[in-house]
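Trainee: First the structure, then my questions, so here it is.
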């Protein structure tokens, strides 16, 4: 079937102009001086301010919470650049040099977003049995220390297009930090939703931010319910945070946000089914990879206690690293002093995405968040992947901030 298309005189000129466009552009380029481009575009400047490659921070003050075994680190800009703004509930990934290891750790921002506009972030770090970076921060970091951090990251925040007006937050230990940021944002008018926090602690004395949380509840949009596991006291719930306890305090329609230690996540897996919430209304903060992968029923019995060699290619450099089958590949690379990209350390952000050239590996189903294309082409997230044989990896480089 043929189609006759008639082109008017004006249309013919337009087509001719389009045909000659590349020649006109090339002529203009050749006629222009070879000077450095100095144009300054507001949109580019805003993008760099909101999403910097890294931020150079200085610890300006440290607030001790001795009963809770925690410290709040107050950071300010160390190079006079404005701090990147964030949503209440997001985190920063700190780049730390500890002995010969180059490590990163994500910490939820506990300050309000407005504080970033005033040039201040607050991160609260609690003792972590067997923890590496947390213990060093708590025992060695001091005012005046320089720390490099990512831009604010993560999707653990209230979104009015997705969430009902009511949020029920389940917090355990230092998992209160993103909800403290949310409460502060509600109190200062940055956010507008109703927040009910069920906060699990061992004892009354160990409740982190107890005084400030009490002050924040003067705002009628904020309610805090303390749940003590090791004490029974008037005015407190006792035991663990269960589905029945959630139902006791939750409104008719709500989104559920969860942040706490691995044991809390494991316990709540069975409780969530009893709530019958739509999947979109359940948000979990990054919990990190399991500390006991050998207990995973799908973990190969033959790999228990085994060690392998992971050969890392970063550009022209090739490094052989010893790695245990029971620790994430990322941990082995960091211990060897390699600077490796990472942010969430939970298999979600994809920042550490690396190519497997050869070798076998294991990734727990709970952390299998790779794209379909990555699963079929052999790309992995080393932060949640464990070696099952000698491996060869192509790993991208990462900024050092120096």
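Since every read-out is calculated from the coordinates, none of them should be taken as a lab result. Since we're looking at a predicted model, the values are computed, not measured. No Cβ is skipped: glycine too gets one built from the backbone with ideal geometry, and neighbour counts run over all protein chains shown.
Trainee: Dividing the Cα radius of gyration by the Kirkwood radius, what Rg/Rh value follows for region 57-147?
Mentor: Across region 57-147, the Cα-based Rg/Rh ratio is 0.95.
Trainee: Roughly speaking, what is the centre-to-centre gap between region 332-357 and region 174-189 when only Cα atoms are used, to the nearest Å?
Mentor: One Cα centre to the other: 30 Å.
Trainee: Also: Counting only DSSP beta bridges with both residues in the chain, what percent are antiparallel, rounded to the nearest 5?
Mentor: 60
Trainee: Compute the FRET efficiency between residue 166 and residue 27 as 1/(1 + (r/R0)^6), taking r as their Cβ-Cβ distance and R0 = 56 Å, and round to the nearest 0.05.
Mentor: Efficiency computed from Cβ-Cβ geometry: 0.35.
Trainee: What is the distance, in nm, between label points placed 7 Å from the Cα along the Cα-to-Cβ direction at residue 214 and at residue 188?
Mentor: In this crude label model, residue 214 to residue 188 measures out at 2.4 nm.
Trainee: Continuing with this model, one more query. Each label point is 7 Å from the Cα along the Cα-to-Cβ direction; what then is the distance between the points at residue 377 and residue 49, in nm?
Mentor: If labels sit at residue 377 and residue 49, their model points lie 3.6 nm apart.
Trainee: For the chain, what does -39500 (n - 2.57) per DSSP helix run (n ≥ 4), summed and divided by total residues, give at 222 nm, in deg cm²/dmol to the nearest 500?
Mentor: Calculated from helices alone, the mean residue ellipticity at 222 nm is -6500 deg cm²/dmol.
Trainee: Would you mind ranking 329, 37 so that the residue whose beta carbon has the fewest other beta carbons within 10 Å leads the list?
Mentor: Numbers: 329 30, 37 5.
Least crowded to most crowded, the residues run 37, 329.
Trainee: Decide, for region 166-284, between rounded, prolate and oblate: order the square roots of the alpha carbon gyration tensor eigenvalues as a ≥ b ≥ c, take rounded if a/c falls under 1.5, and otherwise choose prolate if a/b is larger than b/c, else oblate. Let's see the in-between values first.
Mentor: Working: a/c = 1.58, a/b = 1.04, b/c = 1.52.
Note, shape of region 166-284 comes out oblate.
Trainee: For the chain, list log₁₀ I(q)/I(0) at each q in 0.09, 0.13, 0.14 Å⁻¹, using the Debye formula over Cα point scatterers of equal strength and ignoring solvent, two decimals each.
Mentor: Listed by q, the Debye log ratios stand at -0.64, -1.15, -1.29.
Trainee: Same structure, new question: Work out how much length residue 231 to residue 253 would gain on full extension: take 0.36 nm times their residue separation and subtract the Cα-Cα distance, in nm to one decimal.
Mentor: 4.8 nm
Trainee: For 361, 249, 372, which order do you get if you count the other beta carbons within 10 Å of each Cβ and list the fewest first?
Mentor: Lowest count first: 372, 249, 361.
Trainee: Here is a follow-up. P(r) of region 81-224 in 10 Å steps, Cα pairs, percent per bin?
Mentor: 11, 39, 34, 14, 2
Trainee: What is the gain in length, in nm to one decimal, between residue 267 and residue 145 on full extension, counting 0.36 nm per residue of separation less the C-alpha to C-alpha distance? Write down the numbers at each step before the final one.
Mentor: Numbers: separation 122, 0.36 × 122 = 43.92 nm, distance 3.83 nm.
Using 0.36 nm per residue and subtracting the Cα-Cα distance, I get 40.1 nm.
Trainee: Would you calculate the volume per residue, in Å³, of the smallest convex hull containing every Cα atom of region 292-374?
Mentor: 113
Trainee: Please arrange 377, 203, 38, 177 by how many other C-beta atoms lie within 10 Å of their C-beta, fewest to most.
Mentor: Values: 377 11, 203 14, 38 5, 177 28.
The order, fewest Cβ neighbours first, is 38, 377, 203, 177.
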